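Working notes for the structure below.
The values are calculated or read from the model by the stated rules, or taken from the named source; none is laboratory data. Since this is a predicted model, take the numbers as computed values, not measurements. Cβ placement follows ideal geometry from the backbone for every residue including glycine, while neighbour counts extend to all protein chains displayed. With ligands, DNA and RNA removed, areas are computed over all heavy atoms of the protein, side chains included. Shrake-Rupley method; radii C 1.70, N 1.55, O 1.52, S 1.80 Å.
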Amino acid sequence: MSKQGTNGAEQLSHEQKRIRRGRIPELEWLFGYGETKPNKKDAFLQKLLRKDWLKLIWSTFVYLLQASPTWILPLITSDVIDLVTVRPDGYQTRLIIDAVILFVLVVQNVPTTMWRSSIINNWIRSTTARVKSGVVRKLQRLSITYHKEIEEGRIQSKFLRDIDAVEGYYRYFLTGFVPALVGAVVSIGIALWRSPIVTLFFAIIVPVKLLLLSLFRRQIRQGTREFRKENEQLSSKITTTLQMLTLTKAHGLVPVETAEVDKRIWSATEAGLRLDKTHAKFGAASWVCGQLLSGVCLFFCIWLALEGMITTGEVVLFQSMFSSIAASVQGVINAFPQIATGKEAVRSLSEIVCAEDIEHDSGKMPVPKIEGAIDFQNVSYRYPNEEKYVVKDFNLSVKIGERIAVVGSSGSGKSTLMNLIIGLLSPTEGRILIDGVPLDEMPMQKYRRYISVVPQNSILFSGSIRENITYGLSRYSEKALLRAVEDADLNEFLPSLPNGLDSPVGEHGDKLSGGQKQRVSIARALIRNPRILIMDEATSALDNVAEYHVQKAIDRLVKERTTFIVAHRLSTIRNADRIVVMDEGKMVECGTYEELMRLNGKFTELEKLSRIRETEAQENVG
């Protein structure tokens with residue numbers, strides 16, 4: 001008993017480690033992660049069915065009851081024809097029995113159809129919900145570099161279109177393929193029971209149909225893949241177009257952008273038309289083949305009846321059975337385009353689900369209360385598959401509550417340095433210590449509860465000001481909220497809004513000005529009472545009046561917190577305890593504002609350029 005408990009604990013521990021590393025074992029197993037042939041995704045359905053085999057057996061049993069009229073009615077019809085033709089003793093009683101059986105079979109179809117529908121729909125919907133949840137969790141665990149490399153529109157297409165295609169794939173298999181397969185087996189069984197000779201003729205259907213499928217299989221797969229890729233590119237283009245709509249209008253580029261979108265639309269349309277044409281050819285060829293075989297079967301059965309080998313009723317029976325088998329085989333064949341689409345969707349989603357570029361969160365050490373001391377020890381970083389270092393040999397010791405400004409030209413490594421502090425990126429070389437503890441030994445999600453970030457472009461969602469400030473907080477006091485509102489200087493404009501804190505901000509905060517949005521972001525940071533604060537050029541996009549109000553809020557925000565300020569306007573960082581000057585990923589200068597000005601080096605050069613830009617901006621406004 002003890003040994004079993006130990007093994008269970010070890011297994012659980014191993015599972016927890018995988019989850020901490022950003023993996024979702026069940027989902028990755030389902031989509032092919034860890035298979036000997038990673039590119040082979042055909043096992044998706046096999047794994048689902050193996051996992052839910054009891055549901056498959058139960059739903060198949062209910063289907064046998066539901067579809068029983070399909071197989072029993074031809075037998076009753078055959079019996080009725082023979083009874084009416086021959087009229088043996090007691091045929092009236094047998095006719096009544098056939099009528100009762102017919103009535104019962106038809107009526108029972110209603111409850112069994114609803115019964116099976118409930119089983120299948122609950123099964124499929126819950127499976128799809130788990131897949132959607134798993135994909136979202138995986139997207140959240142993928143590293144920031146992965147999200148930078150893949151276009152947002154492609155992700156949206158994969159999540160919306162491909163998951164629906166996977167659901168359709170699974171649904172078509174359970175409601176189309178499985179019933180067709182069961183129907184073919186039952187019909188062949190009935191035919192074999194009544195006449196082995198006719199059954200042998202029926203066997204011709206399968207190889208003929210499979211030959212037809214083999215002729216079209218490659219075209220359907222290729223067409224499905226091209227159509228999926230074209231739709232991903234179209235989705236990506238539309239997303240970019242909507243994001244750049246204001247800029248497009250301002251520069252008079254609407255016709256150019258419209259032409260580019262139209263080009264993508266027609267490219268996707270042409271790919272869809274090619275796929276439709278292939279499906280149409282396949283469908284027409286299948287129908288013609290089926291009708292020809294049905295005609296041959298009819299005359300073969302008539303010949304057998306003329307020879308006295310079968311009765312007249314059995315001609316009708318075998319023709320019905322042939323039609324049933326042909327329809328079942330055709331159903332299996334017709335499922336192929338849907339299955340091909342589903343397999344391609346599985347392959348597409350696998351690009352996300354089985355992606356290796358995850359944010360490792362494997363820390364075992366519980367996070368102590370963070371105070372805010374940060375040490376950079378020979379920290380270097382370069383992006384995957386890149387040779388050039390974005391940050392190189394960075395060393396800095398930051399005391400608790402110290403205010404550090406980071407300046408430098410575009411591409412000097414400022415933003416990368418902030419992402420390293422947040423833990424969005426991990427150093428390629430060296431390490432970062434938080435209160436003496438290596439950052440890579442801490443669980444990131446718990447560590448980040450002590451961090452707040454105020455970005456250059458305020459990120460607000462459609463909702464009220466209150467909801468945006470308290471985003472992610474399950475519990476907060478009204479007193480803390482009002483204090484954050486006051487310290488962020490929101491009271492300067494809240495009285496002018498119709499509903500105060502409960503006023504909607506619009507999509508992306510479009511109902512607020514730039515300065516107002518930035519102060520909402522600062523209030524969001526304040527209510528969390530962070531120990532480490534990152535200000536990423538928080539005032540660079542604001543006018544002088546908005547900057548004044550935001551700067552007042554910042555001065556309250558940075559008190560008693562370790563603060564990193566990425567500055568564009570160098571005049572705003574005079575009060576920084578130290579200023580770090582970055583150039584091509586390296587720290588070239590470090591000191592107070594006065595010390596760096598006396599050096600007359602890189603900072604002085606940047607400061608002069610900053611003053612020139614501010615003067616030009618003021619003149620343009622004037």
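In the range 269-282, the residues that are under 17 Å from residue 231 (Cβ atoms) reach residues that are open to solvent by less than 100 Å² (accessible area, probe 1.4 Å) and of a type in the set (Val, Ile, Thr) with C-beta atoms within less than 8 angstrom, at least six apart or across chains, in these pairs: 275/220; 275/224; 278/220; 279/220. Within the range 470-495, if we keep just the residues that are over 16 Å from residue 517 (Cα atoms) and small (Gly, Ala, Ser), the residue that is surrounded by the fewest Cβ atoms within 10 Å (Cβ to Cβ) turns out to be 474. Looking at the structure I just gave you, is residue 117 of a type in the set (Gly, Ala, Ser), open to solvent by 30 Å² or more (accessible area, probe 1.4 Å) and modelled with pLDDT of 85 or more? Answer is yes for this residue. Residues that are closer than 11 Å to residue 408 by Cα, buried (at least 16 other Cβ atoms within 10 Å of the Cβ) and modelled with pLDDT under 90 do not occur anywhere in the range 587-601. Here residue 467 clears all of (1) open to solvent by less than 70 Å² (accessible area, probe 1.4 Å); (2) modelled with pLDDT of 85 or more; (3) not small (Gly, Ala, Ser) except the condition numbered (1). When the range 166-188 is filtered for residues that are within 24 Å of residue 75 (Cα to Cα) and of a type in the set (A, V, I, L, M, F, W, C), the ones remaining, listed by number, are 178, 180, 181, 182, 184, 185, 186, 188. So, in the range 502-513, of the ones that are part of a helix (DSSP H, G or I) and under 31 Å from the mean Cα position of the chain (by Cα), which residue ends up surrounded by the fewest Cβ atoms within 10 Å (Cβ to Cβ)? The residue in question is 507. Counting the residues of the range 42-94 that are without any contact (Cβ under 8 Å) to a residue 12 or more places away in the chain, assigned to a helix (DSSP H, G or I) and among the small types (Gly, Ala, Ser) gives 1. Criterion first (modelled with pLDDT of 90 or more, open to solvent by 20 Å² or more (accessible area, probe 1.4 Å) and out of contact with any Phe, Trp or Tyr (no Cβ under 7 Å at 6 or more places or on another chain)) does residue 448 satisfy it? Here the answer is no, as residue 448 does not meet what is asked.
Count of the range 342-388 residues, restricted to those that are at pLDDT below 90 and closer than 25 Å to residue 532 by Cβ, is 17. Here residue 439 fulfils each of the conditions (1) open to solvent by 20 Å² or more (accessible area, probe 1.4 Å); (2) within 30 Å of residue 375 (Cβ to Cβ) apart from (1). Checking each residue in the range 379-404 for being of a type outside the set (Ser, Thr, Tyr), under 12 Å from residue 433 (Cβ atoms) and either open to solvent by 10 Å² or more (accessible area, probe 1.4 Å) or touching a helix residue (DSSP H, G or I) at 6+ places or on another chain (Cβ under 6 Å) (or both) picks out 395, 396. Against the condition of a type outside the set (Phe, Trp, Tyr) and exposed (fewer than 12 other Cβ atoms within 10 Å of the Cβ), how does residue 122 come out, does it pass? It is true that residue 122 is of a type outside the set (Phe, Trp, Tyr) and exposed (fewer than 12 other Cβ atoms within 10 Å of the Cβ).
When you go through 545, 520 one by one, which is the residue that is among the aliphatic types (A, V, I, L, M) and modelled with pLDDT of 75 or more? Criteria check complete, one pass: 520.
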